[in-house]
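Readers should treat all values here as calculations from the given coordinates under stated rules, not as data from a laboratory. Remember, predicted model here, so these are calculated numbers, not experimental data. No Cβ is skipped: glycine too gets one built from the backbone with ideal geometry, and neighbour counts run over all protein chains shown.
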């Protein structure tokens, strides 16, 4: 697929740039073909690269990555909420049981860590 006048190294760089533009910037196949042709590829070579990318399912990769990132964010939110609420419940229950002068536990570690994890997950969603 390499062109004698293009050179294998430049061809490989253009192909890598094409993959990056699709994965990171969600470029369409038509946009990628234009860039590859401006970079020196023939239309046949550019369309060949696009076909390779379609065969490798690269055009759907960004959506797959976003789904995984969103799932990780929801896990952070759930874990953070669990620790935050759990820590608050333990603190409130032990405080209520110690109302007659006994000891109680303030689970500030779980509360703070849960709040941080919860906020981290919420910011990952944006």
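Once fully extended, how much extra length lies between residue 17 and residue 54, figured as 0.36 nm per residue of separation less the alpha-carbon to alpha-carbon distance? Full extension from residue 17 to residue 54 adds 11.8 nm. With the largest listed first and rounded to whole Å, the semi-axes of the equivalent ellipsoid of segment 41-93 from the Cα gyration tensor are 49, 7, 4. Size check on segment 62-125: the Cα extents along the three principal axes, sorted descending, read 59, 12, 10 Å. At q = 0.15, 0.18, 0.23, 0.25 Å⁻¹, what log₁₀ I(q)/I(0) does segment 8-56 have when each alpha carbon counts as one equal point scatterer in the Debye sum? At q = 0.15, 0.18, 0.23, 0.25 Å⁻¹ the computed log10 ratios are -0.30, -0.44, -0.74, -0.88. Ordering 6, 36, 125, 118 from the fewest to the most neighbouring beta carbons within 10 Å gives 125, 6, 118, 36.
The rule of thumb for compact globular proteins, 2.2 N^0.38 Å, goes into the C-alpha radius of gyration of the chain 1.91 times.
Rounded to the nearest 10 degrees, the angle from helix 29-38 to the longest Cα principal axis of the chain is 50 degrees.
Ordered by the number of other Cβ atoms lying within 10 Å of each residue's own Cβ, fewest first, 53, 61 fall into the sequence 61, 53. Taking a point 7 Å out from the Cα of residue 125 in the direction of its Cβ, the residues of segment 55-79 whose backbone N falls within less than 16 Å of it are 67-79.
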